[in-house]
Amino acid sequence: MDADRLIDFGVFCAGCAAAAILIYLVYRHRRSRATSLMRGLLEDYFDEKIGVEELGQKARAAVGRSFLGGDESFAGTVRAFHKAVDKRLPPSHSQRDEAKLLGLLAALKNEFGLTDRYQIEGWRAGRE
């Protein structure tokens with residue numbers, strides 16, 4: 001009888017492991033889908049194909065508020081900004097061009113509530 005219980009326990013553990021793996025794979029798929037959707041929306045935004053309000057509506061509908069408030073969303077926003085700078089600013093650019101892109105980034109950060117949330121405080125340690 002003990003061997004039967006041991007086999008049943010082994011089957012139970014294998015089932016739990018399979019369920020955990022499945023849950024993890026679904027989670028990763030949803031995160032990668034959200035990341036790719038945001039990447040496309042941010043590229044359209046920095047190319048000025050859509051406005052900040054439209055971006056906010058589409059992003060909240062596509063990926064949800066929990067993703068937009070996270071580190072991954074902030075990193076994607078900064079990555080899209082840097083790509084836009086590399087693509088749109090020639091070596092001999094004006095301050096007006098810089099101000100336009102920085103204004104787009106500021107409006108985007110305000111739309112998603114990322115403005116002062118991720119400031120690095122370490123540099124102020126000796127100044128207070």
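Values quoted throughout were computed directly from the atomic coordinates according to the rules given, and no laboratory measurement underlies them. What you see is a predicted model; the values in this text were computed from it and never measured. Using ideal geometry, Cβ is built from the backbone for each residue, glycine included, and neighbour counts are taken over all protein chains shown.
Given 37 °C and 0.692 mPa s, how large is the Stokes-Einstein diffusion coefficient of the range 1-109 in µm²/s, with Rh as the Kirkwood radius over Cα pairs? Roughly 195 µm²/s, to the nearest whole number.
Here GLU53 and LEU101 are evaluated by their C-beta separation; at R0 = 25 Å the FRET efficiency comes out at 0.85. What is the angle, in °, between the Cα long axis of helix 95-112 and the longest principal axis of the Cα atoms in the chain? Nearest 10 is fine, range 0 to 90. That helix lies at roughly 40 degrees to the long axis.
Cα centroid separation, the range 91-107 to the range 20-90: 21 Å. By how many degrees, between 0 and 90 and to the nearest 10, does the Cα long axis of helix 52-62 differ from the longest principal axis of the chain? Its long axis makes an angle of about 10 degrees. Extension gain, GLU43-SER66: 0.36 nm per intervening residue step, less the Cα-Cα distance, totals 6.2 nm. Projecting the Cα atoms of PHE81, PHE67, GLY103 onto the charge dipole of the range 33-117, computed from C-beta unit charges around the Cα centre, puts PHE67 farthest toward the positive end. In straight-distance terms, cross-link reach from LYS58 covers every one of the lysines whose alpha-carbon lies under 23 Å from its own, apart from those fewer than eight places away in the same chain; here that gives LYS49, LYS83, LYS100, LYS109. Calculated FRET efficiency, ASP4 to SER36, Cβ-Cβ distance, R0 = 35 Å: about 0.15 to the nearest 0.05.
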